[in-house]
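> Let me give you the structure first, and then I'll get to my questions.
The values are calculated or read from the model by the stated rules, or taken from the named source; none is laboratory data. All values reported here derive from a predicted model rather than from experimental measurement. Note that we place each Cβ from the backbone using ideal geometry, even for glycine, and neighbour counts take in every protein chain shown. Heavy atoms of the whole protein, side chains included, go into the accessibility calculation; ligands, DNA and RNA do not. Shrake-Rupley method; radii C 1.70, N 1.55, O 1.52, S 1.80 Å.
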Amino acid sequence: MLAAELTARARVAARRLATTPTGKKDEALLATAALLRQRREAILAANRADLEAGRAAGLGPALLDRLALDPARIEAMARAVEAIARLPDPVGEVAAVWRRPNGLRVERVRIPLGVILEIYEARPNVTIDAAALCLKSGNASILRGGKEALRSNLALAEILAEALATAELSPDTVQILDRPDRELLLALLQRSGGIDLAIPRGGEGLIRFVSENARVPVIQHYRGVCHLYLDESAPLDRAVALAVNGKSRPAACNATETLLVHAGAAARLLPEVGRALAAAGIELRADPRALVILAAAGIDARAAQASDFGNEFLAPILAVRVVDGFDQALEHIATWGSLHTEAICTSDTDAALRFQREVDASCVVVNASTRFNDGGELGLGAEIGISTSKLHAFGPMGLEALTTTRFVVVGQGQIRP
């Protein structure tokens, strides 16, 4: 009954929120940002308790990094909410309009999806991002964080509840589960009449569980196997900067996991790139050609195994391969990529344009770090997830991705012959 009750309450809240004025939604968002700053110490105390429990439970470095909050991350959460408040409200936007020969006026108008179920692990910042994006886009949300972040999420739940009350919005607009067990999750995933979209965000096991058990639409956020290809014309300083920055937060899903280097530029680029990566504490796992160049430059590297390519390490590890040229780089990405983020470093305009046309990924990056595939960095304020499937969204999901369009037809008494 709990799943039925949760979704019924969310459905009522969603109907009300769909017609709530933008000003009321923004009032709740700005109150959330203010409370995040005011309650920072309480949030950090709850998060420290989660971190202590996580270490005792043997959580790995990647999960602990995603779980951890500090003053800078809380400030970033507050700024993201403020950025969402400043964005235009998508609800009611006329996306297209045309007139038919019979005089009918046809519009496509943006409307909320309804009730969003967000399922995520370790990241307490997702609680705020998801709640804020759903609120601004007119959707009620049910947020199911992992047990490892329960104390942090409950502290954030209090803030969201107070912010909703400040704006006189229903407390059921955002519901944060205090029971992160799989039985309740499974029941929610069966609520085809109550949940309009489920968004799992976490490890491959969680996403597979959701996809295999859901009777509701699911946006898949699978692995982030991201590549950086150093083309033959890549400038050395830029190649070094992009390779190092791509591993600046190894636990992030947009971290570079494989470095591909054009054979014609490998002797020029790999020694300096390898030295910079080694200095940053990155373990290199190199194919035979790359291994020879790195060893000659005095850079420690391990021989790559076949399983290193296509692997999301989520750790300070980078696979390195020398490719014969552009075609082999594209073939490698097509074989091992996960449709997340692919980047090229080049001075050749034709190569850049071809990379944009031929690489299949939710974000194709030219002469910038893979780390830019992020809702905040791309101007969306935040993201509720990065879709690596193509229906109905592809890439970071912001406000527009949490809406759909319906047809509005206006006539003067026309009837169909």
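> Pairs please, first residue from segment 1-18 and open to solvent by 40 Å² or more (accessible area, probe 1.4 Å), second anywhere and in a helix (DSSP H, G or I) and of a type in the set (D, E, K, R), Cβ atoms under 6 Å, 6+ apart in sequence or on different chains.
ARG9/ASP172
> Can you pull out the residues in segment 178-228 that are open to solvent by 40 Å² or more (accessible area, probe 1.4 Å) and basic (Lys, Arg)?
Across segment 178-228, the qualifying residues are ARG179, ARG182, ARG191, ARG208, ARG215, ARG223.
> While we're on this one: How many of the residues in segment 26-42 are under 15 Å from GLY381 (Cα atoms) and either at pLDDT below 95 or among the hydrophobic types (A, V, I, L, M, F, W, C) (or both)?
The total comes to 3.
> Could you check segment 364-379 and list, in sequence order, the residues that are under 25 Å from VAL126 (Cα atoms) and without any contact (Cβ under 8 Å) to a residue 40 or more places away in the chain?
VAL364, VAL365, GLU377, LEU378, GLY379
> Pairs only if they're at least six apart or on different chains, beta carbon under 6 angstrom, first in segment 264-275 and small (Gly, Ala, Ser) and modelled with pLDDT under 95, second open to solvent by less than 10 Å² (accessible area, probe 1.4 Å) and part of a helix (DSSP H, G or I); list them, first residue then second.
Every condition considered, no pair remains.
> Within segment 22-108, which helices (runs of 4 or more DSSP H) (wholly inside it) include 1 or more residues that are over 22 Å from SER152 (Cβ atoms) and open to solvent by 40 Å² or more (accessible area, probe 1.4 Å)?
Result: 22-38, 71-86.
> On to the next question. Exactly one of these conditions fails for HIS340: (1) farther than 20 Å from GLU283 by Cα; (2) open to solvent by 10 Å² or more (accessible area, probe 1.4 Å). Give me its number.
Answer for HIS340: the failing condition is (2).
> Quick test for you: out of VAL261, VAL240, VAL244, pick the one residue that is on the phi < 0 side of the Ramachandran plot, open to solvent by less than 20 Å² (accessible area, probe 1.4 Å) and among the hydrophobic types (A, V, I, L, M, F, W, C).
Just one listed residue meets the conditions, VAL261.
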